[in-house]
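**Student:** One structure is given below, represented as structure tokens, and several questions about it will come after.
The values are calculated or read from the model by the stated rules, or taken from the named source; none is laboratory data. Just so you know, these numbers come straight off a predicted model, no measurement behind them. Reconstructed Cβ throughout: ideal geometry from the backbone, glycine too, with neighbour counts over all protein chains shown. Accessible surface areas use protein heavy atoms only, side chains included; no ligands, DNA or RNA. Shrake-Rupley method; radii C 1.70, N 1.55, O 1.52, S 1.80 Å.
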Amino acid sequence: MEQNSDTERNQIRDICADHIDQQAPLLPILHAIQSRLGYVPDIAIGEVADALNQTHAEIFGVLTFYHDFRRQPPGRHQLKVCRAEACQAVGGRAVWSAAASAADNGSGVDVEAVYCLGNCACAPSIQLDGHTIGRVTPDRVSNIVTGANQTRAPS
Amino acid sequence: MKYFIPKDSAAVSIGAEQVADALTVAAPDAEIVRTGSRGLYWLEPLVEIEHDGRRIGFGPIETDEVSGLVETILGGKPESHPKYVGRIEQLLRDQGQQRLTFARCGVIEPIDFDAFMAHGGTAGLRTALDQSGQTTIDAVKESGLRGRGGAGFPAGIKWQTVHDTPGAEKFVVCNADEGDSGTFADRMLMEGDPFTLLEGMAIAGVATGATRGYIYLRSEYPDAFQTLNEAINIARRHNLLGSNILGSGKSFDVEIRLGAGAYICGEETSMLESLEGKRGLVRFKPPLPAIQGFQSKPTVINNVITLSSVPTILAHSAATYHSLGINKSRGTLTLQLSGNVARPGLYEIPFGATLEHVINELGGGSASGRPVRTAQVGGPLGAYVPASHFDTPIGYEELGERNAMVGHGGVVVFDDTVNMAEQARFAMEFCDLESCGKCTPCRVGSVRAQEVIDQIVAGHDIEANADLLRELMELMAQGSLCAHGGMAPAPVLSALNHFSEDFGVREPAEIN
Ligand SMILES: Cc1cc2nc3c(=O)[nH]c(=O)nc-3n(C[C@H](O)[C@H](O)[C@H](O)COP(=O)(O)O)c2cc1C
Ligand code: SF4
Ligand code: FES
């Protein structure tokens, strides 16, 4: 565990060093940390604050403002389910319920509500690990959650 | 034989990738071009071929229909296929579409620079480089182009302010946050014809004296991110971007910044805060971003579609663009039709068509076959327009008179199974969830409104609570700093006023 957090710390320092010459690099740094580690661990707050010469409170404030940033390690799959109007108009509420209840059964799939995936003309829409899937039904989304649970995470 | 299949993420979301795979098996010698989408989503996955020099389409094609399709095509009788839709250009024309901004989208391979050039690419930028910035700005003004991101502010006037504000460093920021539900034009364009956006940004830079551009892209669009990144690299190699654009000696370059899942960061000042690495709290105006924007420097902020419409305006003429549309709404609107509608998709049509025409003629009415009850026009902050008002022409002022708005051009259709009290409550949930928190009417009002709607729906003091809800909406509309809290009452009030029966309210209030 100790060692683990030391490697994480080094990775975070590398990421900060890579971005330091950009204008206003905080968001790109947080994105890079999350894409490398899967989440933004607490130790990142101090590291990034030091690198950017900002306060811990500033970094914490930004980290918690944006829905995208996770502060805990993620499940094996990320499922975003659209709950917005164009999807609602064609059964999106039932798709959300199905996803949420399938995920409740300890599936290892993180189910998250989003408000429009820009896939409205092929609604209802979900996004699994960055891949958008359209015209889903409640059954299909349940199967996806259960099925994703059985397959290994891609790399 | 040359086949065209979209790589657009929405087409892929319903099987375009599998269709393309099946085609490589069924027609191993065929050339397959992966394009953007034509926006005819009810026909996706759409397969097109080149036949007698014309593009002919078939759709929607299921994977197991591919080998039969290939056989029919090779048999020389494409029109005999049950999924034959004929010439796509003709179909678009029959719908009254005028593809100006989306001229290349769905036609060419998105990051094929030669194809971009062969279809008129860079003509607008060349014009801009051959004339003064002021002449370009005058043309944008003359075209009547207004912001397509939501507020509808005249683009030329904004550019003029940036042009006239002295500054050693100026910026162009493209708003690609596309947070409005029911909208996908930005995504389609960025995935389907990214060079056009880059060209539009370069024109804005050349005209106003800005040398750096940022695209603030929502993180929900990973495919657009990848396509744009590739396009930027290719554009640099061809001097569409860089330190010597098209050999002019002028420089302009673009960088993408990813958002992080905050709707409010689509609001321009919140976006600037976010770009600067801060929480996306809305700024007070003044100062205008055009005068003090990114890093307090003069900054053009425009939506993807606004910027992408400029190349065609300069390449043809401002007068041609202005000749389309009605009153103060000129040119084409890239209308996005979705929800419970038979033919959802992107319709680039001149301003002025009625909602009736768009929803029932073009869209074919509801997908469910049930009566259409309402459409939400202009995104999640737009009003629910009842079917009895579908005679309203689509224009900024015309919709405004019905308390609706053009917004980013989204029209979401609902059939008669919709529960409008549920929709009203959702509008407040969304307002609450995405409030930046800076002002009380929005942050607290949206929470209170949900409670009040719950009371009404539960049948408690219905009339008194309905009055309270109206009062609260008035307060939010008047007292909010930005349009997030200021416009969120529109869907609630339109639902309450036009569909009071869904709330159990007896007396419909004054209806407008
Ligand atoms: C809550 C809120 C969200 C907004 N979201 C977007 C958006 O996602 N995309 C966009 O282009 N404009 C959005 N806008 C409008 C922008 O503030 C701004 O008017 C626009 O980017 C200016 O560009 P335009 O003149 O080309 O439309 C939003 C405004 C508000 C109040
Ligand atoms: S209206 Fe809402 S989103 Fe806008 S500034 Fe106020 S709190 Fe922030
Ligand atoms: S509303 Fe669900 S994808 Fe747009």
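**Student:** Using 7 Å Cα-to-Cβ label points, what is the residue A:21/residue A:129 separation (nm, one decimal)?
**Tutor:** Going by the 7 Å Cα→Cβ label model, 3.5 nm.
**Student:** Further question: Any idea of residue B:354's accessible area? Nearest 10 Å², probe 1.4 Å.
**Tutor:** Looks like 40 Å² after rounding.
**Student:** Assuming R0 = 35 Å, what is the FRET efficiency of residue A:7 and residue A:53, from their Cβ-Cβ distance, to the nearest 0.05?
**Tutor:** 0.90
**Student:** Using alpha-carbon positions, what is the distance between the centroids of region B:179-231 and region B:429-475, in Å?
**Tutor:** With region B:179-231 and region B:429-475 each reduced to a Cα centre, they are spaced 36 Å.
**Student:** Also, quick follow-up: State, in square angstrom and to the nearest 100, the accessible area buried between chains B and A, both chains counted, probe radius 1.4 Å.
**Tutor:** 3600 Å²
**Student:** Another question about this same structure. What residues qualify as long-range amide H neighbours of residue B:354, i.e. H under 5 Å apart, gap of 5 or more or another chain, H built at 1.01 Å from N?
**Tutor:** B:394
**Student:** Tell me the accessible surface of residue B:55 in square angstrom (1.4 angstrom probe, heavy atoms of protein chains only), to the nearest ten.
**Tutor:** It works out to around 30 Å².
**Student:** For chain A, with the dipole built from +1 on Lys and Arg beta-carbon atoms and -1 on Asp and Glu ones, taken about the Cα centre, which of A:75, A:32, A:57 lies farthest toward the positive end?
**Tutor:** A:75
**Student:** Hey, what number do you get for chain A at 222 nm if only DSSP H runs of n ≥ 4 count, each worth -39500 (n - 2.57), divided across all residues, to the nearest 500?
**Tutor:** -16000 deg cm²/dmol
**Student:** Which of A:21, A:68, A:110 ends up with the largest GNM mean-square fluctuation for chain A, with Cα atoms connected below 10 Å?
**Tutor:** Evaluated over chain A, the most mobile residue of the options is A:21.
**Student:** So, taking all protein chains as they sit and a 1.4 Å probe, how much accessible area belongs to residue B:111, in Å² rounded to tens?
**Tutor:** Accessible area, nearest 10 Å²: 40 Å².
**Student:** Right, something else. Quick one: Karplus J couplings for region B:320-332, per residue in order, coefficients 6.51, -1.76, 1.60, θ = phi - 60°, nearest Hz, x for Gly and Pro?
**Tutor:** 4, 4, 5, 5, 8, x, 9, 6, 8, 10, 10, x, 9
**Student:** Suppose every Lys and Arg Cβ carries +1 and every Asp and Glu Cβ carries -1, with no other charges. What dipole size does chain B come out with about its Cα centre, to the nearest 20 debye?
**Tutor:** The dipole magnitude comes to about 1600 debye.
**Student:** Which of the listed residues, B:168, B:444, B:96, is farthest toward the dipole's positive end in the protein assembly as shown, when Lys, Arg count +1 and Asp, Glu count -1 at the beta-carbon?
**Tutor:** Going by the Cα projections, it comes out as B:168.
**Student:** Where does each of B:498, A:131 land when they are ordered by accessible area, with a 1.4 Å probe and the largest first?
**Tutor:** Largest accessible area first, the residues go A:131, B:498.
**Student:** Still on this structure, I have one more. Assuming 0.36 nm per residue, please report the length gained on full extension of the stretch residue B:118 to residue B:397 beyond their Cα-Cα distance.
**Tutor:** 96.6 nm
**Student:** Rounded to the nearest 500, what is chain B's calculated 222 nm mean residue ellipticity when only DSSP H runs of at least 4 contribute -39500 (n - 2.57) each, over all residues?
**Tutor:** Taken over chain B, the calculation gives -11500 deg cm²/dmol.
**Student:** Moving to a separate point now. Of the DSSP beta bridges with both residues in the protein assembly as shown, give the percent that are antiparallel, rounding to the nearest 5.
**Tutor:** 50 percent
**Student:** Using the Cα centre of the protein assembly as shown as the reference point, and only Cβ charges (+1 on K/R, -1 on D/E), how large is the resulting charge dipole? Debye, rounded to the nearest 20.
**Tutor:** 1040 debye
**Student:** Amide H neighbours of residue A:132 under 5 Å, counting only residues 5+ apart in sequence or on other chains, H built in-plane at 1.01 Å?
**Tutor:** Amide H neighbours of residue A:132, under 5 Å, 5+ apart: none.
**Student:** Tell me, what is the FRET efficiency for residue B:142 and residue B:2 to the nearest 0.05, using R0 = 51 angstrom and their Cβ-Cβ distance as r?
**Tutor:** After rounding, the FRET efficiency stands at 0.80.
**Student:** Also, I was wondering about something else. Whole-Hz Karplus ³J(HN,Hα) for region B:400-409, in order, using 6.51 cos²θ - 1.76 cosθ + 1.60 and θ = phi - 60°, x for Gly and Pro?
**Tutor:** Those phi angles translate into x, 5, 9, 6, 9, 8, 5, x, 8, x Hz.
**Student:** In debye, nearest 20, what is the charge dipole magnitude of region A:77-149 about its Cα centre with +1 on Lys and Arg Cβ and -1 on Asp and Glu Cβ, if you could check?
**Tutor:** Approximately 200 debye in magnitude.
**Student:** Now a separate question. What is the helix-to-structure angle for A:138-150, meaning the angle in degrees between its Cα long axis and the longest Cα principal axis of chain A, kept from 0 to 90 and rounded to the nearest 10?
**Tutor:** The angle comes out at about 50 degrees.
**Student:** May I ask you to list the aspartates and glutamates whose Cα is less than 20 Å away from that of residue B:83, ignoring any residue fewer than eight positions away on the same chain?
**Tutor:** Candidates past the 8-residue exclusion: B:17, B:21, B:44, B:48, B:50, B:52, B:62, B:64, B:65, B:71, B:94.
**Student:** Per residue, how much accessible area does the protein assembly as shown have with a 1.4 Å probe, in Å²?
**Tutor:** Dividing the accessible area of the protein assembly as shown by its residue count gives 38 Å².
**Student:** What lysines sit close enough to residue B:250 to cross-link, taking a C-alpha to C-alpha distance under 25 Å and skipping anything fewer than 8 places away on the same chain?
**Tutor:** Of all the lysines, those that pass the test against residue B:250 - Cα under 25 Å, at least 8 places apart if same chain - are B:141, B:158, B:170, B:297.
**Student:** If you don't mind, there's one more thing I want to ask. Report ³J(HN,Hα) in whole Hz for each residue of region B:239-246, in order, from the Karplus equation J = 6.51 cos²θ - 1.76 cosθ + 1.60 where θ = phi - 60°; Gly and Pro get x.
**Tutor:** The phi angles translate into 6, 6, 10, x, 8, 8, 5, 6 Hz.
**Student:** Then there is this: At 7 Å along Cα-to-Cβ for each site, give me the label-to-label distance between residue B:243 and residue A:42 in nm.
**Tutor:** Distance between label points: 4.7 nm.
**Student:** Quick one: grab the alpha carbon gyration tensor of the protein assembly as shown, order the square roots of its eigenvalues as a ≥ b ≥ c, and give me rounded if a/c is under 1.5, else prolate or oblate depending on whether a/b is larger than b/c.
**Tutor:** Because its axes are fairly even, with a/c under 1.5, the protein assembly as shown counts as rounded.
**Student:** In nm, what is the difference between 0.36 nm times the number of residues separating residue B:463 and residue B:422 and their Cα-Cα distance?
**Tutor:** That works out to 13.0 nm of additional length.
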